[in-house]
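Please find one structure pasted underneath; my questions will follow.
The values are calculated or read from the model by the stated rules, or taken from the named source; none is laboratory data. Treat the numbers as computed from the prediction; the structure is a model and nothing was measured. All Cβ positions, even for glycine, are placed from backbone atoms using ideal geometry, and neighbour counts span all protein chains on display.
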């Protein structure tokens, strides 16, 4: 799984997507201007950091990937299933739409989202030239937001799932993601018999001692369920690598947000 450095900005890409003509990256926390507890490339505007620093960090991120900041399109992420298809960047004065998946077939648009343990999912249809970005925490995973995004690609852009390349990016690993009984119930409702492969009791204990939820494998199953066959998993746990990533779990909720972007 390649890492690259541009000035002070360090970012991760997928080998399968590197062979295409698109620009994509999950951008680490290195190379920004924010102080603790957001040090240093915080791109999240709702975690207490100053707006001017967040803007500078976002602009640095775009420059590192060779994308004009004016091409940005982002949404207000709400752990839901809404999918937004856009033909143009979002003007700064335009309010954010609430959504957790964004798609475009326009080269002048760079899709951008923010993360701190939730799963970034990259989508690319090389036949119809469509890119997508999905935000999936446990709620987006049990709601199968990635599946809604793929179906939207089919409906809006005539994409065929078997043509789509997908990447499941750096996010909290199952060994750091213990969930409560309420989440376990919803996972079982969403995945049926397959849920048992996604839920593990650490050290062979009972559910009363805690259950770990595998977001990576769950989103793999969601993508396969809608026909996507070419899927690469980063296998990078954000809570294990705080030098590179913000982690809500690993930093007890006092942290920033790292960015993910994709564009034609």
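Exactly one condition in (1) surrounded by 15 or more Cβ atoms within 10 Å (Cβ to Cβ); (2) free of Cβ contacts under 8 Å to residues at least 60 places away in the same chain; (3) under 19 Å from the mean Cα position of the chain (by Cα) is not met by residue 109; state its number.
Against the list (1) surrounded by 15 or more Cβ atoms within 10 Å (Cβ to Cβ); (2) free of Cβ contacts under 8 Å to residues at least 60 places away in the same chain; (3) under 19 Å from the mean Cα position of the chain (by Cα), residue 109 comes up short only on (2).
Select, from 84, 78, 119, the only residue that is within 29 Å of residue 143 (Cβ to Cβ) and crowded, with 23+ Cβ neighbours inside 10 Å. Before the answer, list the steps.
Values: 84 fails: crowded, with 23+ Cβ neighbours inside 10 Å; 78 fails: crowded, with 23+ Cβ neighbours inside 10 Å.
Within the list 84, 78, 119, the selection yields 119.
If I filter the stretch 239-256 for residues that are modelled with pLDDT of 95 or more, within 18 Å of the chain's Cα centre (by Cα), part of a strand (DSSP E or B) and more than 14 Å from residue 134 (Cβ to Cβ), do I get at least one hit?
No: the stretch 239-256 contains no residue that is modelled with pLDDT of 95 or more, within 18 Å of the chain's Cα centre (by Cα), part of a strand (DSSP E or B) and more than 14 Å from residue 134 (Cβ to Cβ).
Could you pull out every one of the strands (runs of 3 or more DSSP E) wholly within the stretch 1-53 that has 2 or more residues that are under 17 Å from the mean Cα position of the chain (by Cα) and either closer than 14 Å to residue 170 by Cβ or free of Cβ contacts under 8 Å to residues at least 40 places away in the same chain (or both)?
Strands (runs of 3 or more DSSP E) meeting the threshold: 9-12, 23-27.
Kindly indicate which of 60, 90 is out of contact with any helix residue (DSSP H, G or I) (no Cβ under 6 Å at 6 or more places or on another chain), assigned to a loop (DSSP other than H, G, I, E, B), surrounded by 14 or more Cβ atoms within 10 Å (Cβ to Cβ) and in contact (Cβ under 8 Å) with a residue 12 or more places away in the chain. Quick ask: steps written out before the conclusion?
Working: 60 fails: assigned to a loop (DSSP other than H, G, I, E, B).
When all the criteria are applied, what remains is 90.
Restricting the search to the stretch 185-203, which residues are in contact with a strand residue (DSSP E or B) (Cβ under 9 Å, 6 or more places away or on another chain), outside any loop (DSSP other than H, G, I, E, B), surrounded by 13 or more Cβ atoms within 10 Å (Cβ to Cβ) and at pLDDT below 95?
200
Go through the stretch 137-150 and give me each residue that's within 15 Å of residue 103 (Cα to Cα) and in contact with a helix residue (DSSP H, G or I) (Cβ under 9 Å, 6 or more places away or on another chain).
Selection gives 145, 146, 147, 150.
In the stretch 126-160, which residues are part of a loop (DSSP other than H, G, I, E, B) and surrounded by 24 or more Cβ atoms within 10 Å (Cβ to Cβ)?
Correct list: 159 only.
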